[in-house]
Amino acid sequence: MEQNVEEIQQNLLKFGCCRVCAVRHLTKPSTINVNTLIAASEQDHDEPKRLKQNPCIACLGLFQNPQKDDIINKIISYLKTSKYDSDTYNLAFNLPMCTIIRGHSIALYVSKLRITFNPTFPTAFVCAKDAWKLMAEDAIVKVTGKRFDVHSPLLVTVDFDYKDIKGECDCLNAIIKLSNKNLQNILSQMDNNDFVSQYGEMPSVPESTIEFKSVNARHESVYIAGRYKKWSRTLSQSPWIVDQERRLENSVAEIISRPIKKRALVNELRFSSSGREDIDVRMLGRGRPFAIELVNPKQTKFSYEVLREIENEINTDPQVTVKHLQIVDKDQLKELKAGEVFKIKVYKALCYVKGELPDIEKLNNCAPLEILQYTPIRVLHRRANMVRPRTIHSMKAEATKVGVDNGCSFFNVILSTQAGTYVKEFVHGDFGRTNPCLRTVLENDTVDILALDVLDIEIDWPTPVKY
């Protein structure tokens, strides 16, 4: 068996394979030894130049120097300057399509020799991408400190060019449609005789070498969650832009995001929350649960102390206060989004009527109350006109004074509602589009709302931080 392997290997070398490719084409993926590959590479480099001076017929020069070392050095340089703090990395190689075709051709050749030499000889071989990763791993970790890990959140992608790719693929395109996607499956389903008749028994010796094109990296998203309070009645939750014109200078999302963006070295942030309050509505109580997705962050290690520093920086803005900042998993966001639909919201509405105060005790005795709400007139321009059944779970009303004598009487209503209830419209009825409402319950057409606060969103998310 050993001599058979050596004989096949010598044949591959004569056809124009580098020693690394000759070894990997005769090795099962499950038995690959990186030291064997490195030894083959060193032997290739140290021995006198063979008759062929061209790039390898299998890897197009990927495993040959100076190309191999040059690619490793460019990856190392990128990792050192890109500022990603991940301790690990995964590597993706976008090799030219013809390297897969060449590998398939050599595999067919080896299969024929297997029948001649030994019927049990393995046909599976180590692909170029996996072999290269194994050989480069030690060099990269020594300089960058980053270990290779197929499960790493940091994916480094290396792209290559090969100028003769069109000519190599055209011969097969005549009988089968080639595609980068699932190319290996396409070739495996192709009749071997048809492949050989169009492509030849072995790959031709290439005239040009595979060329490094670029290296880039992308880190998986990191999610930071917390709860915010909004003290301002002139602040939107997200940037308010109408017809490409900004209407307000700031927003809750931007106030919270700026310090995080600066620390994470990230270009894109995505803000989400369990519902939203109107611009003129304050968010009080425990605050509104929110999460920020850091898209492709470079700095991802947020200690307890760093998160508290970020909170303190956010809280220097008098309009917003943030607490309980913490890192969460993506799966935990499901509870955040569920809160938009299923959780109970508690509000405090400052209401008024013209003239004397009606019998507000009626409000204390009518809940729970089922109501129907058509899409409010104020949001019809951006939401479908439909009817929404909602539940008012509880109400507590009491008279109050606001320090202004203008012929009106004032009262506060604390109410807990089903998520998605339009509370302002529940007060004044929205020209009959919400029914029943406070106007109909109190039988007074002058009932209206002066101010609204959110007191609580009954969702225990995220887990409170111990301060």
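The values are calculated or read from the model by the stated rules, or taken from the named source; none is laboratory data. From a predicted model like this one, the values you see are computed outputs, not experimental measurements. Every residue, glycine as well, gets a Cβ built from its backbone with ideal geometry; the counts of neighbours run over all protein chains shown. Please note that ligands, DNA and RNA were not included when accessible areas were found on the heavy atoms of the full protein model with its side chains. Shrake-Rupley method; radii C 1.70, N 1.55, O 1.52, S 1.80 Å.
Just the number please: accessible area per residue for the chain, 1.4 Å probe, all protein chains included, in Å².
Counting only protein heavy atoms, the per-residue value for the chain is 51 Å².
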Say the dipole of the chain comes from +1 at the beta carbon of Lys and Arg and -1 at that of Asp and Glu; which of L357, L235, S204 then lies farthest toward its positive end? L357
Determine, for each peptide in 278-288, 137-147, the mean count of other beta carbons within 10 angstrom over its residues, then list the peptides with the highest first. 278-288, 137-147
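Going from most exposed to least, what order do F431, F93 have by accessible area with a 1.4 Å probe?
So, going from the largest accessible area down, we get F431, F93.
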So, counting K/R as plus one and D/E as minus one, what does the shell of residues with Cβ under 15 Å around T144 add up to? +3
DSSP-loop GluC sites (Glu not before Pro) across segment 383-448, with at most 13 other Cβ within 10 angstrom: E443
Can you pull the accessible area of W240 for me, 1.4 Å probe, Å² to the nearest 10? 110
From largest accessible area down, sort K213, K424, K230, K129; use a 1.4 Å probe on the protein chains. K213, K129, K424, K230
How far is helix 34-46 tilted, in degrees, relative to the longest principal axis of the Cα atoms in the chain, given as a value from 0 to 90 rounded to the nearest 10? 50
Once phi for every residue in segment 63-77 is put through the Karplus expression 6.51 cos²θ - 1.76 cosθ + 1.60 (θ = phi - 60°), the whole-Hz ³J(HN,Hα) values, with Gly and Pro written as x, are 9, 9, 8, x, 4, 4, 5, 5, 5, 4, 5, 6, 5, 4, 4
Quick one: of the DSSP bridges fully inside the chain, what percent are antiparallel, nearest 5? 85
Filter the GluC sites (Glu not before Pro) in segment 310-384 to those in DSSP coil with at most 14 other Cβ atoms within 10 Å of their Cβ, and list the result. E356
Ignoring ligands and nucleic acids, Y84 exposes an accessible area, probe 1.4 Å, in Å² to the nearest 10, of 10
For K112, list the aspartates and glutamates whose Cα falls under 16 Å from its own Cα; do not include residues on the same chain fewer than 8 positions away. E6, E7, D191, D194, E201
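For every helix of n ≥ 4 consecutive DSSP H residues, a contribution of -39,500 (n - 2.57) applies; sum these over the chain, divide by its total residues, and give [θ] at 222 nm rounded to the nearest 500 deg cm²/dmol.
-10000 deg cm²/dmol
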Quick check: net charge around T434, other residues with Cβ under 15 Å of its Cβ, Lys/Arg +1 and Asp/Glu -1? +2
Helix 333-342 sits off the longest principal axis of the Cα atoms of the chain, rounded to the nearest 10 on a 0 to 90 degree scale, by 30
Need one number for the chain: average projected area of the convex hull over its C-alpha atoms, nm². 31.7
Quote the accessible area belonging to S251 in square angstrom, nearest 10, computed with a 1.4 Å probe and with ligands, DNA and RNA left uncounted. 0
